[in-house]
Amino acid sequence: MAALKHQQELYRLANQYGKLLPWRTMEANQIFAVKDPGSETIGYCSILGFEGKTFGLAVYRGEMGLDLFLKARKEGLDRDQELQLKQVCNVMSLCFCRQSKLSAEEIRRIKNLGIDLSWDRALPSFGTQVGEVSSTNLSPGEVTFFSFILNCAINYVQECRNVESFGKHPNPRCCLLYVCHEKNNGGLLCEKMWHEFKLPSEKKPNFSPSNDGNAKCFYAPVDAAKIESIKSGKMEMDTPWELTICTFPGVVSGRKGLESARGVLIVHADSEFIIKLELVDPEGSPHVLLREELLAGIQQYKRIPRQIYFNDKESLEASLPAAEALGIAVHLKKRLPKAERVMKSLKTLM
C-alpha cells in the first residue's frame, strides 16, 4: 500500500507540473538543482519543451551528464562526444506523451493507480537511463526523489513567474539548489540556497581514446539506486566470477565500417555457468555494458561474488566503482580459463 501511495503522489505531482505548461516561458538552459535526501546526490533539472519537441523535465544526476548537455546546447556535439554522452548519461526524465506513445506496461501502471491523470490529451511517462541501459521503472528511492524534484519544480516555475529575477545569478556556474527534508508528520520542507557547480570539462578530462578508437570512461557513473537495491536485497555471497569482452563469428556495421561482432560474457568460475552473455552495440562501450551486466546478474541471481576477474584493464576500471560499493574484490589476469572454455564451446555451436 505504501508503494502505491508513493506512486499516486508522484503522478499527481507530474499532472500538477504539466498543467503549469512551464515550457511556454522557460528554456532548457534555465537549470535548477535538487539534492536527494537519501543519497545526497544532486540532480540538475532542465525543463523540456520550449522548442516545441519533447515536453517534460530532465534530471541529470551528477555533473558529468550536465556538462555535456550544456555543451550540446551551446556548441553541439560531434560524433565522439555523442558517444561520450551516451556512456556517462545518468538521467531521470518525465515526458508527456499521447497514450499511443506509451508502453502497455506504463498504461497498465497508470490505470492501477486509480486516478485521472489525463490533461490536454497527454499522459506522464517516467524513465531512467544510466550509461546505455534505460528503463521505464523507477526504484522506490527514485520515486521518492522524483516526487521531491516535482515539488521543487512547481515552486521554481511559480516563483519565476512571480519574480523576474528569481533563480538568476550573475555567475553562470551558479544555480538555485533545493535541499529537501521530510517532516516528521510527512510532507516536504525545502531550503533554497545558491550552488556553484564545477563541470568536469573545466577540471580534467575523464576520457581518453582507446586502441580501437572508442572513447572509454574511467569515471563511468554507477546507478546509485541499483546499488542501493542490491545492498538492501536478500543476497548470498558467491564464489568468483570471470568477466570478459569476447568476439563472435561474423561482422556488424560500426563507425569505421564493418567490424567484428563483440559481446560481453560473465561466467561462474566454479561451475562454468553462463551468468550473462550480451552483444555489444557497435556505437557503445563494451566496458560500460560489462559493468551493467555484472549488476544485472547480481540482481537476477541474488548472489554477490566475493571476487571478480577481468582480462583487460579498461573493463576493470569501468566496473571498479560498482565493485567497491558492493565490497567485491577485483583482479586482473592475463587469462580467464573458464570464460575461454565457455567461448570455445559456444563457437562450435555457431
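The values are calculated or read from the model by the stated rules, or taken from the named source; none is laboratory data. The structure presented is a predicted model; accordingly, all values stated were derived computationally and were not measured. Please note: Cβ atoms are built from the backbone with ideal geometry, for glycine as well, and neighbour counts cover all protein chains shown.
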Exercise for review: Could you please let me know if E242 is at pLDDT 75 or above, assigned to a strand (DSSP E or B) and closer than 21 Å to Q307 by Cα?
Suggested key: yes
Point to revise | Enumeration of residues in the stretch 171-189 that are in contact with a Phe, Trp or Tyr (Cβ under 8 Å, 6 or more places away or on another chain) and modelled with pLDDT under 60 | key: L188
Practice item. Give the residues of the stretch 245-261 that are within 26 Å of Q300 (Cα to Cα) and either modelled with pLDDT under 85 or not in a strand (DSSP E or B) (or both), sorted by residue number. Key: T247, F248, A261
Point to revise | Single residue of K226, K192, K234, K204 found to be part of a loop (DSSP other than H, G, I, E, B), at pLDDT 65 or above and charged (D, E, K, R) | key: K234
Review point. Scanning the stretch 116-134 for residues that are under 22 Å from the mean Cα position of the chain (by Cα) and at pLDDT below 85, which turns out surrounded by the fewest Cβ atoms within 10 Å (Cβ to Cβ)?
Key: S134
Review point. Of the residues Y309, Y301, which single one is touching a helix residue (DSSP H, G or I) at 6+ places or on another chain (Cβ under 9 Å) and of a type in the set (F, W, Y)?
Key: Y309
Review point. If you go through the stretch 309-316 one residue at a time, do you hit one that is assigned to a helix (DSSP H, G or I), among the hydrophobic types (A, V, I, L, M, F, W, C) and at negative phi?
Key: yes
Practice item. For the stretch 318-325, state whether one or more residues are of a type in the set (D, E, K, R) and surrounded by 15 or more Cβ atoms within 10 Å (Cβ to Cβ). Key: no
Exercise for review: Just give me the residues in the stretch 335-350 being at pLDDT 90 or above and outside any helix (DSSP H, G or I), in sequence order.
Suggested key: R335, L336
Check your understanding: Hey, among the residues in the stretch 257-299 that are among the polar types (S, T, N, Q) and in contact (Cβ under 8 Å) with a residue 12 or more places away in the chain, which one's farthest from A225 (Cα to Cα)?
Key -> S260
Revision key, fill the gap. The correct count of residues that are surrounded by fewer than 17 Cβ atoms within 10 Å (Cβ to Cβ), of a type in the set (A, V, I, L, M, F, W, C) and either at pLDDT below 85 or outside any strand (DSSP E or B) (or both) in the stretch 262-275 is 1
